[in-house]
Amino acid sequence: MMQLLQDSTRYIQDKTGGFAPEFGIILGTGLGALVNEIEVKHSLSYADIPSFPVSTVESHSGKLIFGQLAGRNVVVMQGRFHYYEGYTMDEVVFPVRVMKLLGVKKLIVSNAAGGLNPRFNTSDLMVITDHINLQPSNPLIGKNLDELGPRFPDMSEVYDEGMIRQAMIIAEEADFDLSEGVYASVPGPMLETKAEYHYLSVIGADAVGMSTVPEVIAARHMGMPVFALSVITDMCTPDRIKKVVLAEILEAAAIAEPRMTMLIRELIRQQ
Ligand code: HPA
């Protein structure tokens, strides 16, 4: 595994002239427009990077983008890998591990999620303060990669409290509502039944989605501070459940996108 990670890293360093990103950003479903804010220096297709998995979901474009945001060096994954696509957990988190080897110091993640907290509304933003992993595996199963991190990494404070506080202040100053909550990660690809949504709210989740937690676990294993944000694309409380349509999820994400982009940009500016 370390050999594969190093092969990818070397290729990327070669193609980008040794570009050194400080921040890694992973963009979720319908949330790729942040890239328009980036002064792009290099763009590499996943398909061209040795050992890199290749994206299959149509709403993701599958590129690693290097450039500047708020004057800071960033690498952005436009399109991520989901467990439901058939990738192994090692493949799902491969790019995050490569980010670390490229020198990334902090990880910022976004996703589209279903809202379980009755106070939420469609197109709200929720800062993830904690998570519940309900995916059937995780990227740390198997022989530990001692070069990357410890066998039993701590998960008592997964999401960086300093960045959470900064995000809350940025939202307050920009005068938009920013919620905080717990994200439950399920395997998908089917959406949840009514009974499953009820179960998720009973066990303490405020939002549910099919991504993020594997990448976050890998990042924390390597000691990277993480900030993560959910865009609530559909409400899943008993009175508001309706049939989920991908087009509606993308529409709800598009409405939230400018707020999310501004929040990430300003957060990076403050680091
Ligand atoms: N469930 C799981 N994943 C999701 C949802 C949902 O309701 N909405 C967007 N991603």
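Scanning region 251-269 for residues that are among the small types (Gly, Ala, Ser) and within 16 Å of the chain's Cα centre (by Cα) returns Ala253, Ala256. Counting only residues that are surrounded by 24 or more Cβ atoms within 10 Å (Cβ to Cβ) and not polar (S, T, N, Q), how many does region 227-248 have? The qualifying residues number 6.
Take Ile132 and decide whether it is in contact (Cβ under 8 Å) with a residue 24 or more places away in the chain, assigned to a strand (DSSP E or B) and in contact with an Asp or Glu (Cβ under 9 Å, 6 or more places away or on another chain). For Ile132, the condition - in contact (Cβ under 8 Å) with a residue 24 or more places away in the chain, assigned to a strand (DSSP E or B) and in contact with an Asp or Glu (Cβ under 9 Å, 6 or more places away or on another chain) - is not met.
Residue-level check: of (1) away from the ligand (no atom under 16 Å from the Cβ); (2) surrounded by fewer than 22 Cβ atoms within 10 Å (Cβ to Cβ), Ala218 misses just (2). Looking only at residues in region 181-200 that are surrounded by fewer than 19 Cβ atoms within 10 Å (Cβ to Cβ) and among the small types (Gly, Ala, Ser), the one that is farthest from the ligand (Cβ to nearest atom) is Ala195. Could you tell me whether region 74-95 includes any residue that is at pLDDT 95 or above, part of a loop (DSSP other than H, G, I, E, B), on the phi < 0 side of the Ramachandran plot and within 16 Å of the ligand (Cβ to nearest atom)? There is no residue in region 74-95 that is at pLDDT 95 or above, part of a loop (DSSP other than H, G, I, E, B), on the phi < 0 side of the Ramachandran plot and within 16 Å of the ligand (Cβ to nearest atom). For region 221-239, the set of residues classified as more than 12 Å from the ligand (Cβ to nearest atom) and either at pLDDT 95 or above or in contact with a Phe, Trp or Tyr (Cβ under 9 Å, 6 or more places away or on another chain) (or both) consists of His221, Met222, Gly223, Met224, Pro225, Val226, Phe227, Ala228, Leu229, Pro238, listed by residue number.
Where residues in region 59-72 are modelled with pLDDT of 90 or more and open to solvent by 40 Å² or more (accessible area, probe 1.4 Å), which of them is nearest to Glu39 (Cα to Cα)? The extreme case among them is Gln68. Just checking, does region 139-159 include any residue being touching a residue at least 24 places away in the same chain (Cβ under 8 Å), polar (S, T, N, Q), open to solvent by 30 Å² or more (accessible area, probe 1.4 Å) and away from the ligand (no atom under 16 Å from the Cβ)? No. Can you find a residue in region 105-117 that is crowded, with 24+ Cβ neighbours inside 10 Å, in a loop (DSSP other than H, G, I, E, B) and at pLDDT 95 or above? Yes, because at least one residue in region 105-117 is crowded, with 24+ Cβ neighbours inside 10 Å, in a loop (DSSP other than H, G, I, E, B) and at pLDDT 95 or above. In this structure, Leu178 qualifies as more than 14 Å from the ligand (Cβ to nearest atom) and open to solvent by less than 30 Å² (accessible area, probe 1.4 Å). One residue stands out in region 15-38 among those that are part of a helix (DSSP H, G or I), touching a strand residue (DSSP E or B) at 6+ places or on another chain (Cβ under 8 Å) and among the aliphatic types (A, V, I, L, M): the one that is surrounded by the most Cβ atoms within 10 Å (Cβ to Cβ), namely Leu34. Note on region 39-49: residues that are open to solvent by less than 50 Å² (accessible area, probe 1.4 Å) and either assigned to a loop (DSSP other than H, G, I, E, B) or modelled with pLDDT under 90 (or both) amount to 1.
The values are calculated or read from the model by the stated rules, or taken from the named source; none is laboratory data. Source: prediction; values computed, not measured. Counting neighbours? That spans all protein chains shown, and the Cβs are built from the backbone with ideal geometry, glycine included. Remember, those area values only see protein heavy atoms, side chains included, never the ligands or the DNA or RNA. Shrake-Rupley method; radii C 1.70, N 1.55, O 1.52, S 1.80 Å.
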